[in-house]
Amino acid sequence: MNVPLPPDGALASPSGDALARSFRYLYRAPLLLWHLLVDLPLVLLLITPLTAGLRWRGGERLDHRLIRAWSAGLMRVFGFRLHRVGTPVSGATLFVANHVSWVDIVVLHSQRMMGFVAKREISQWPLVGWLAARGETIYHQRGNQESLGGVLHEMLARLRAGRSVGVFPEGRTRDGRELGPFHARIFLAAVEAGAPVQPVALRYGVGGAAQSIVAFQPNESFFANFLRLLGEPARSTDVVFLAPIEPGDADGRRRIAEIARERIALAMRRST
């Protein structure tokens, strides 16, 4: 059953008049080029096996901190003003979030390093596919049970090794107007690893009012969505880390999936 999200205004079309949109392209395009051609190479130069053991303040790995900083910078270029609510769990954790757009992965990476489970098609997207590989993405071929088995095996291995994984249990992006069902099988790795599951609500715009703007429009390609969002007005974005579901809090993957979805749905209905 799909859960309706808060009503939003004229969300299926780009926001703002043509002149304002042109102005945003005029100053954001150079910022984007700088972030891709200058900031990104600097980050990659510092992410090497030699620096993997270095730690940032608070014990965070230096390479993870750099990836988070670059991701946050990319979101600033696009006008997303990020606000974290709550605290991400440390250590091996399965993070689960509602899925709106490609932006979700970048937003979550700005807050906490995690290897995402994503559709294999993303590996072919310009730039994003390459960046996803650097971000330890686990690729899944939709509709392929053998692929899903391999994904679950890799998720379990990472969680047992003390690493975190991020998934979108809806399985695909939607139009931003509803929260779809959560597939319970993806929670199996957390159950077998004895790892906590932390739901995360992603709210674009005040109270989630811009979900449908950020979402892919009908027949909209990644590149078209990318360009459209680059010209959108600046807007607040809440990354809401909800109460984690600890091992033993729920009996089985289906109940964990239900609880995670309930918490995200409740957070999406709140305005603050």
| What residue, among those in region 213-231 that are within 18 Å of residue 17 (Cα to Cα) and buried (at least 21 other Cβ atoms within 10 Å of the Cβ), is farthest from the chain's Cα centre (by Cα)? | 231
| query | Looking at region 229-272, which of its residues are among the β-branched types (Val, Ile, Thr) and over 16 Å from residue 176 (Cα atoms)? | reply | 240, 245, 256, 259, 272
| query | If you take the residues of region 48-77 that are β-branched (Val, Ile, Thr) and surrounded by fewer than 17 Cβ atoms within 10 Å (Cβ to Cβ), which of them is modelled with the lowest pLDDT? | reply | 51
| query | Looking at residue 263, is it under 22 Å from residue 109 (Cβ atoms), among the charged types (D, E, K, R), within 19 Å of the chain's Cα centre (by Cα) and modelled with pLDDT under 95? | reply | no
| message | Restricting to region 213-263, count the residues that are in a loop (DSSP other than H, G, I, E, B), of a type in the set (A, V, I, L, M, F, W, C) and under 30 Å from residue 196 (Cα atoms). | response | 4
| query | Looking at residue 15, is it over 19 Å from residue 112 (Cα atoms), of a type in the set (Ser, Thr, Tyr), at pLDDT below 75 and surrounded by 11 or more Cβ atoms within 10 Å (Cβ to Cβ)? | reply | yes
| Out of region 195-212, which residues are under 13 Å from residue 101 (Cα atoms) and either over 18 Å from the mean Cα position of the chain (by Cα) or not in a helix (DSSP H, G or I) (or both)? | 202, 203, 204, 210
| In this structure, does residue 68 turn out to be part of a helix (DSSP H, G or I), closer than 24 Å to residue 156 by Cα and not aliphatic (A, V, I, L, M)? | yes
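The values are calculated or read from the model by the stated rules, or taken from the named source; none is laboratory data. Owing to the predicted nature of the structure, the values given are computational and were not obtained by experimental measurement. Please note: Cβ atoms are built from the backbone with ideal geometry, for glycine as well, and neighbour counts cover all protein chains shown.
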